[in-house]
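The values are calculated or read from the model by the stated rules, or taken from the named source; none is laboratory data. Small disclaimer: the values here were computed from a predicted structure and weren't measured. A quick note on method: Cβ atoms are made from the backbone with ideal geometry, for glycine too, and the neighbour counts reach across all protein chains shown. Surface areas here come from the heavy atoms of the whole protein model, side chains and all, with no ligands, DNA or RNA. Shrake-Rupley method; radii C 1.70, N 1.55, O 1.52, S 1.80 Å.
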Amino acid sequence: MAAPTIAVDEAFSAANGLRNAAYFIRMFEGLELDAYQDVVGVWTIGFGTTGPDVRPGLHITPDQAMRYLEDYITTDWQALDDGLTAEVSAQQQAAILSLSYNVGRGRVAQSTLLEVLNNGDYDAAADQFLVWNQARINGELTVMRGLDRRRHAERALFRIAPDTDIAETVIMANIPLMRETVALAEDRVMIGYGSVAPAESAPRRVDAVAAQELLRS
């Protein structure tokens, strides 16, 4: 029996896409409550939030970090949605938002990724995530291992509805296994290969096999 992809897509609202993006981004961004400079010298705080208000000496709470993240990606989507004519699922929306959060909404808005996506070429759009794996270090563009891992995971997330086997393989290869639960907002936790569940129903500890089953489900 074919998977009920239409029903699944209809079950996801834009708000869920934003929520999925927030969870996904937090898998790659460590939480820092004091402002710091990243590898290219940009002042950063919280879950990788940047901007003119982030300055030396700034200190925030975990709740503020969550609000910064949610406000940022909501603004990103409002800006990107105007130039997006293709239909996207919640997973695809989350992948695009993860990329824009990392490289900037302006660059994504002008990217080949959105151009080919608007032309209906979803496979080409998925491959465009892999282009954004470099940072300028000492004046030279350099492939960064962390960026490359994140781009593969975003590509997998973007393709997760049409090709779950590929998504599973890439996610397991690029996201570290969390054997114990990590607390998130709204009484939810993350465990395994980034699986998110209500705290009361999630297992407290998993091995690799159990984590793979959670990912598949």
CD proxy at 222 nm, helix term only [per DSSP H run n ≥ 4: -39500 (n - 2.57); per residue of the chain; nearest 500]: -15000 deg cm²/dmol
message: Per residue, how much accessible surface does region 107-176 expose to a 1.4 Å probe? Answer in Å², no decimals.
response: 55 Å²
field: Charge dipole magnitude, Cβ of K and R +1, D and E -1 - the chain, Cα centre, debye nearest 20
entry: 540 debye
message: With an 8 Å Cα cut-off and a minimum separation of 6 or more residues, compute the relative contact order for region 104-217 in percent.
response: 14 percent
- prompt: In whole angstrom, and with the biggest value first, how far do the Cα coordinates of the chain range along each principal axis?
  reply: 55, 44, 30
- request: Identify the residues of region 32-75 with backbone N under 17 Å of a label point that sits 7 angstrom from the Cα of Asn138 along the Cα-to-Cβ direction, or state none.
  value: 39-41
message: Counting other C-beta atoms within 10 Å, and keeping those with at most 10, which DSSP coil GluC sites (Glu not before Pro) do you find in region 125-217?
response: Glu186, Glu200
message: Leaving out ligands, DNA and RNA, and with a 1.4 Å probe, what % of the accessible surface on the chain is carbon or sulfur?
response: 50 percent
Which of Glu87, Glu29, Glu70 is most accessible, then next, and so on - probe 1.4 Å: Glu87, Glu70, Glu29
- prompt: If we count every other residue with Cβ under 11 angstrom of Ala109's Cβ, Lys/Arg +1 and Asp/Glu -1, where does the sum land?
  reply: -2
- line: Taking 0.36 nm per residue of separation between Asp123 and Thr85 and subtracting their Cα-Cα distance, the length gained on full extension comes to 12.1 nm
